[in-house]
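The values are calculated or read from the model by the stated rules, or taken from the named source; none is laboratory data. Please read all numbers here as calculations on a predicted model, not as lab measurements. As a convention, Cβ positions derive from the backbone with ideal geometry for all residues, glycine included, and neighbour counts pool all protein chains shown.
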Amino acid sequence: MTSSSNVDSAFALATEQYQSIGVNVGAALKTLSTIAISVHCWQGDDVAGFENTGEALGSGLAVTGNYPGRARTVDELRSDLEMAYSLIPGRHRLNLHALYGEFDGHVERDEIGVEHFQGWMEWARAQSISLDFNPSYFSHPKANDGLTLAHPDAGIRKFWIDHGIACRQIAAEMGAAQGNPCVNNTWVPDGYKDRPADRTTPRVRLAESLDTIFADPIDASHLLEAVECKLFGIGSESYVVGSHEFYMGYSITRNKVLCLDAGHFHPTEVISDKISSTLMYVPELLLHVSRGVRWDSDHVVTMSDELQAIMQEIVRGNHLKRVHIGLDFFDASINRIAAWAIGTRNTLKALLMALLEPTAELKRLELEGDLTARLALMEEQKTMPFGAIWDHYCQSSGVPVGRQWLDAVRGYESSVLSSRSDAAENAIA
């Protein structure tokens, strides 16, 4: 176990090393402390939600695994979230999907209202966190054929349009109550498994549906509206209506936030290279930090080269005030609270690593044409004592240092998760 004095000593030495290359560690930590990651609620219950309709997860979404202790109620999910937040340094947000409301009996999605999320708003206020929101265009009988806002049936389109309008109002109420904008992100699964005969008309319908949803203006101090693209999905391998090009054009022409999900592109395509280009034309970006593995888009975030590249682009481009960072993964093969902790801590680690770069020096060398020194310093940076700075940040934030967070998760699993009634049926085979 790492002692407090050891952390302090290592931090002092590491700070000296960073100072020697012109990096202000204190300034980096101060900036990091202001960045709020939007932690996604759906990791805690395998995207089941609380509609209690018995409707299976669908519309291109699948969760793999059967680890014991899935949250089955709102109270259980909130308890698990509180545990996860206690392991993560800083003050962060919560990203809710519409199917996570507190419903007294069956409530159709086009009839949901802010009253179904008052409990979440009160909980968030008590926890001193802010909320973000998402319409839920999946796992519903009216989405079973893979089309929602682009559906050829005007009645089905109207149902989903009304759902989108209701979600805007809920998100705006959340933003007004918490005193900062709620990011409301629209993703729809619409597409076809095989090659369509008509790629144009569904996109016309989608644009018209979105325009109807966004028709009434809402105060931007309460609501930020994002739209999310995807290359392909399960059941829409050949054609997705809301492609990157569709939503890039839509964001530019409608002044919307563009959401880039790290798992929504070709397996050899990365979003880090898109950040600087898209921010030339759209007002702000929402990032869904995830990890794609082959055809699956939502693995737990690890400390990968791409994760570091994403954060480097945000910091080097001075884009922190224009980029909203959220998480989007769901893994039921491991402890779900550990998944939150691993993914969020890694995201923050990558941000800290980017903030500890001698960015001004690297840009100067590049401008002067000294590409040799630029590459050399970038590579030398990789062996700087970043870990000592991170441990100090965790210790000063009152969260576990190093591997100690895993002991806390195991204790919670033993005292709380193991007692949930469906633990036996979910036991690992």
>> Against the conditions (1) within 25 Å of Ser221 (Cα to Cα); (2) modelled with pLDDT under 95, where does Phe138 fall short? Just the number, please.
In response: (1)
> When you look at Ala176, is it in a loop (DSSP other than H, G, I, E, B) and aliphatic (A, V, I, L, M), yes or no?
Replying inline: no
>> Please list, ordered by residue number, the helices (runs of 4 or more DSSP H) wholly in segment 243-333 having 3 or more residues that are buried (at least 18 other Cβ atoms within 10 Å of the Cβ).
In response: 244-254, 305-316
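Out of the residues in segment 124-162 that are part of a loop (DSSP other than H, G, I, E, B) and of a type in the set (A, V, I, L, M, F, W, C), which is surrounded by the fewest Cβ atoms within 10 Å (Cβ to Cβ)?
Taking segment 124-162 and keeping what is part of a loop (DSSP other than H, G, I, E, B), we get 128-130, 135-140, 144-153.
Those still in the list that are of a type in the set (A, V, I, L, M, F, W, C) too: 129, 138, 147, 149-150.
On the way: Ile129: 18, Phe138: 21, Leu147: 26, Leu149: 28, Ala150: 25.
Once the filter is applied, the top-ranked residue is Ile129.
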> Within segment 98-107, which residues are touching a residue at least 12 places away in the same chain (Cβ under 8 Å), touching a helix residue (DSSP H, G or I) at 6+ places or on another chain (Cβ under 9 Å), surrounded by fewer than 22 Cβ atoms within 10 Å (Cβ to Cβ) and not β-branched (Val, Ile, Thr)?
Replying inline: Glu102, Phe103
>> Going residue by residue through segment 116-137, is there one that turns out to be touching a residue at least 24 places away in the same chain (Cβ under 8 Å), over 23 Å from Asp75 (Cβ atoms) and in contact with a helix residue (DSSP H, G or I) (Cβ under 9 Å, 6 or more places away or on another chain)?
In response: yes
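Mind listing just one residue for me: the one in segment 6-26 that is without any contact (Cβ under 8 Å) to a residue 12 or more places away in the chain and within 32 Å of the chain's Cα centre (by Cα) and, of those, farthest from His392 (Cα to Cα)?
So the first thing to find is which residues in segment 6-26 are without any contact (Cβ under 8 Å) to a residue 12 or more places away in the chain, and the list is 6, 9, 12, 16, 19-20, 24, 26.
Still in the running and within 32 Å of the chain's Cα centre (by Cα): 24, 26.
On the way: Asn24: 15, Gly26: 11 Å.
Restricting to residues being without any contact (Cβ under 8 Å) to a residue 12 or more places away in the chain and within 32 Å of the chain's Cα centre (by Cα), the top hit is Asn24.
For (1) in contact with a Lys or Arg (Cβ under 6 Å, 6 or more places away or on another chain); (2) of a type in the set (A, V, I, L, M); (3) at pLDDT 95 or above, each residue gets a yes or a no:
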position: Ser221; (1), (2), (3): no, no, yes
position: Ile234; (1), (2), (3): no, yes, no
position: Met248; (1), (2), (3): no, yes, yes
position: Glu269; (1), (2), (3): no, no, no
> For segment 380-403, what are the residues that are at pLDDT 95 or above and not in a loop (DSSP other than H, G, I, E, B)?
Replying inline: Phe386, Gly387, Ala388, Ile389, Trp390, Asp391, His392, Tyr393, Cys394, Gln395, Ser396, Ser397
> Looking only at segment 70-83, which residues are closer than 8 Å to Gly44 by Cβ and not acidic (Asp, Glu)?
Replying inline: Arg70, Ala71, Leu77, Leu81
> Name the pairs: first residue in segment 179-206 and farther than 19 Å from His288 by Cβ and free of Cβ contacts under 8 Å to residues at least 60 places away in the same chain, second residue of a type outside the set (A, V, I, L, M) and exposed (fewer than 14 other Cβ atoms within 10 Å of the Cβ), Cβ to Cβ under 7 Å, at least 6 apart or on different chains?
Replying inline: Tyr192/Ser238; Lys193/Ser238; Asp194/Ser238; Arg195/Ser238
